[in-house]
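A.B. asks: Sharing a structure below in C-alpha cells format, with a few things to ask.
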Amino acid sequence: MRIGMMIGYAGGFDQAVAEIVDYEKAGLDMAVVPEAYSFDAVSQLGFIAARTQRLQLASGIMQIYTRTPTLTAMTAAGLDYVSGGRFNLGLGASGPQVIEGFHGVPYDAPLGRTREIVEICRKVWRREVVVHHGKHYRLPLDTPLAKPLKLINTPVRERIPVILAAVGPKNVELAAEIAEGWQPLFFYPEKSGDVWKSSLDAGLAKRQPGLGPLDIMVNAPLAVSDDDPLLDGYRAQLALYIGGMGAREKNFSNDVARRYGFEKEAALIQELYLSGRKAEAIAAVPEDLVRHTSLVGPKSYIADRIAAYRAAGVTTLQVTMLAPTHAERVRAIETLRAIVS
C-alpha cells in the first residue's frame with residue numbers, strides 16, 4: 001500500500017513543500033496537488049518536482065473541461081519530464097458550478113469527454129500523428145489549414161498513469177475500464193462494496209490486461225493521537241462537501257453520503273448549510289461517517305482501520321495531515337509506513 005499526501009491549495013503551500021523532504025525520508029510515496037478554482041496545480045507540481053527525488057507526483061484533479069485534450073497530454077508529458085518520470089495524471093469532471101461559473105464553458109457529456117481525452121492523451125504520449133474523429137473532439141478540424149501533427153518531444157514514458165476521480169456509477173465503471181487509478185470521495189471501507197462494487201466489476205470486465213491492476217486511491221485525514229478535536233476540521237469539511245459543494249439539485253458528495261445509508265442526515269446537512277446555519281450543519285455530520293473515513297487515533301486503532309482499507313481493495317492512501325507540529329506529522333508518516341509495510 002502506497003502513502004500519498006494531499007498538498008492543500010487554501011494556504012501554507014510553501015511551508016508544506018519545505019517540509020516534504022522530511023516526509024519523503026519518513027516513507028511518503030506520493031504528493032498530490034488539487035486544482036479547484038485555486039492556483040493551478042501544474043506550476044505547484046513542477047515546484048515539488050524540483051524539491052524531491054523519489055516522490056511520485058499527481059494532480060488531484062485537473063478538470064477535463066479547462067484544457068484541450070492535447071494540452072492536457074502536453075502538460076502531463078512536461079511534468080513527467082521535469083520529474084524524471086514521476087507524474088500521474090489525475091483527471092475529473094469537477095461540477096457545473098466551477099466549470100460553467102468560473103471557466104465559462106458548458107458542463108456536458110463528462111463520460112464521453114473523459115473517454116476521448118484519455119484516448120487522445122495516450123496517442124500524444126506514443127508520439128502518434130494525432131487523428132481523432134470523436135463525438136466531442138475532432139483532430140484535426142476540417143478547415144483548410146488544419147493538419148495532423150505529433151508531439152515534437154519524445155516523452156519520458158509513452159504511458160503516463162491516468163487516475164480518474166469518480167463517484168457516480170457510470171463514472172466509476174469508466175475508471176475501472178480505462179484508467180490506471182480510481183479516486184473516490186470520502187471512502188468508507190465497510191460500505192464501499194455496497195456503493196461501488198457493481199460498477200467496479202462492470203468496468204474491470206472490459207479492462208485491457210495491459211493496464212494492470214486498478215490502483216484504488218482514497219483520501220483520509222491522519223493523526224496518531226487520541227485528541228478528538230483534531231477531527232473538527234475534517235467534520236467541517238464533510239459538512240461543506242455534503243451540504244454546500246454544488247447545487248441543491250446536483251451535489252455529488254451529498255449523493256455519496258446518501259448511498260452510504262445517511263439519507264436523512266445528508267438532507268439535513270444540506271438544508272442547514274444552504275440556509276446559512278453552518279455550525280448546525282457541522283454538528284449534524286454523523287460521527288460514524290467521520291470516524292470510518294478517517295485515520296485518527298492511537299497506533300492500534302489506525303492499524304485496525306488500515307486492515308479495513310486493505311480488505312476493501314485500497315492500494316494507495318492519500319492522507320491529509322492533522323497534527324499541529326511538523327515533528328508530529330513526520331512521526332505520523334513513519335508510523336503509517338510501519339503499519340502498511
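A.B. asks: So, VAL130, is that one β-branched (Val, Ile, Thr), more than 18 Å from THR68 (Cβ to Cβ), in contact with a strand residue (DSSP E or B) (Cβ under 9 Å, 6 or more places away or on another chain) and modelled with pLDDT of 95 or more or not?
C.D. replies: Considered against the rule, which asks whether it is β-branched (Val, Ile, Thr), more than 18 Å from THR68 (Cβ to Cβ), in contact with a strand residue (DSSP E or B) (Cβ under 9 Å, 6 or more places away or on another chain) and modelled with pLDDT of 95 or more, VAL130 comes out as no.
A.B. asks: Let me ask another. Checking the structure you have, find out if any residue of the stretch 202-214 is assigned to a helix (DSSP H, G or I) and in contact with a strand residue (DSSP E or B) (Cβ under 6 Å, 6 or more places away or on another chain).
C.D. replies: The answer is no; no qualifying residue exists.
A.B. asks: Here is a further query. On the given criteria, is ARG138 touching an Asp or Glu at 6+ places or on another chain (Cβ under 9 Å) and modelled with pLDDT of 95 or more?
C.D. replies: no
A.B. asks: Please indicate, with yes or no, whether at least one residue in the stretch 319-333 is over 18 Å from SER225 (Cα atoms), free of Cβ contacts under 8 Å to residues at least 24 places away in the same chain, out of contact with any His (no Cβ under 8 Å at 6 or more places or on another chain) and open to solvent by 20 Å² or more (accessible area, probe 1.4 Å). Please lay out each step first, then the result.
C.D. replies: Going through the stretch 319-333, the residues over 18 Å from SER225 (Cα atoms) turn out to be none.
Within the stretch 319-333 (the criterion being over 18 Å from SER225 (Cα atoms), free of Cβ contacts under 8 Å to residues at least 24 places away in the same chain, out of contact with any His (no Cβ under 8 Å at 6 or more places or on another chain) and open to solvent by 20 Å² or more (accessible area, probe 1.4 Å)), the answer is no, since none of the residues qualifies.
A.B. asks: Still on this model: Which of the following residues is within 21 Å of VAL218 (Cβ to Cβ) and in contact with a helix residue (DSSP H, G or I) (Cβ under 6 Å, 6 or more places away or on another chain): LEU55, LEU91, LEU79? If you could, list the steps in order and put the result at the bottom.
C.D. replies: On the way: LEU91 fails: in contact with a helix residue (DSSP H, G or I) (Cβ under 6 Å, 6 or more places away or on another chain); LEU79 fails: within 21 Å of VAL218 (Cβ to Cβ).
Just one listed residue meets the conditions, LEU55.
A.B. asks: Follow-up. For the list (1) open to solvent by 10 Å² or more (accessible area, probe 1.4 Å); (2) touching a residue at least 12 places away in the same chain (Cβ under 8 Å), I need the number of the one condition that ARG67 fails.
C.D. replies: Only one criterion is unmet by ARG67, namely (2).
A.B. asks: For the stretch 53-142, which helices (runs of 4 or more DSSP H) that fit wholly inside it have 3 or more residues that are of a type in the set (Ser, Thr, Tyr)?
C.D. replies: 69-82
A.B. asks: While we're on this one: I need the full set of residues from the stretch 70-94 which are loosely packed, with under 14 Cβ neighbours inside 10 Å and farther than 25 Å from ARG138 by Cα, in order please.
C.D. replies: At the first step, the residues of the stretch 70-94 found to be loosely packed, with under 14 Cβ neighbours inside 10 Å are 71, 84-85.
Across the stretch 70-94, the qualifying residues are GLY84, GLY85.
A.B. asks: With more than 27 Å from ILE20 (Cα to Cα) and either in contact with a strand residue (DSSP E or B) (Cβ under 7 Å, 6 or more places away or on another chain) or open to solvent by 30 Å² or more (accessible area, probe 1.4 Å) (or both) as the only criterion, which of ALA307, ALA284, ALA279 stands out?
C.D. replies: ALA279
A.B. asks: Exactly one condition in (1) touching a helix residue (DSSP H, G or I) at 6+ places or on another chain (Cβ under 6 Å); (2) within 21 Å of ASP194 (Cβ to Cβ); (3) crowded, with 22+ Cβ neighbours inside 10 Å is false for ARG259; which is it?
C.D. replies: (3)
A.B. asks: Another question, then. Scan the stretch 38-53 for residues that are open to solvent by less than 50 Å² (accessible area, probe 1.4 Å) and under 23 Å from GLY92 (Cβ atoms) and report the count.
C.D. replies: The total comes to 8.
A.B. asks: Name the one entry in GLN56, GLN97, GLN15 that is in contact with a Lys or Arg (Cβ under 6 Å, 6 or more places away or on another chain) and either within 30 Å of LEU141 (Cα to Cα) or open to solvent by 40 Å² or more (accessible area, probe 1.4 Å) (or both).
C.D. replies: Answer to the check: GLN56.
A.B. asks: For the structure I just gave you, tell me whether THR316 is closer than 21 Å to ARG337 by Cβ, among the β-branched types (Val, Ile, Thr) and open to solvent by 50 Å² or more (accessible area, probe 1.4 Å).
C.D. replies: Against the criterion (closer than 21 Å to ARG337 by Cβ, among the β-branched types (Val, Ile, Thr) and open to solvent by 50 Å² or more (accessible area, probe 1.4 Å)), THR316 does not qualify.
A.B. asks: Is there any pair with a first residue in the stretch 223-240 that is within 21 Å of GLN318 (Cβ to Cβ) and among the hydroxyl-bearing types (Ser, Thr, Tyr) and a second that is open to solvent by 50 Å² or more (accessible area, probe 1.4 Å) and part of a helix (DSSP H, G or I) whose Cβ atoms are under 8 Å apart and which are 6 or more apart or on different chains, and what are they?
C.D. replies: Pairs found: SER225/GLU328.
A.B. asks: So, in the stretch 167-193, exactly how many residues are closer than 21 Å to ALA266 by Cβ, open to solvent by less than 10 Å² (accessible area, probe 1.4 Å), among the hydrophobic types (A, V, I, L, M, F, W, C) and assigned to a loop (DSSP other than H, G, I, E, B)?
C.D. replies: Residues meeting the conditions: 1.
A.B. asks: Same structure again: In the stretch 18-37, what count of residues is obtained for those that are over 14 Å from ILE333 (Cβ atoms), open to solvent by 40 Å² or more (accessible area, probe 1.4 Å) and either modelled with pLDDT of 90 or more or part of a loop (DSSP other than H, G, I, E, B) (or both)?
C.D. replies: Number of matching residues: 1.
A.B. asks: In contact (Cβ under 8 Å) with a residue 24 or more places away in the chain, open to solvent by 50 Å² or more (accessible area, probe 1.4 Å) and under 23 Å from ALA93 (Cα atoms): does that describe LYS197? Reasoning before the result, please.
C.D. replies: Values: in contact (Cβ under 8 Å) with a residue 24 or more places away in the chain: no; open to solvent by 50 Å² or more (accessible area, probe 1.4 Å): yes; under 23 Å from ALA93 (Cα atoms): yes.
So LYS197 fails the test.
The values are calculated or read from the model by the stated rules, or taken from the named source; none is laboratory data. Note that the structure is a prediction, hence the values are computed from the model and not measured. In this analysis, Cβ positions are derived from the backbone assuming ideal geometry, glycine residues included, and neighbour counts consider all displayed protein chains. Surface accessibility is based on the protein's heavy atoms, side chains included, excluding ligands, DNA and RNA. Shrake-Rupley method; radii C 1.70, N 1.55, O 1.52, S 1.80 Å.
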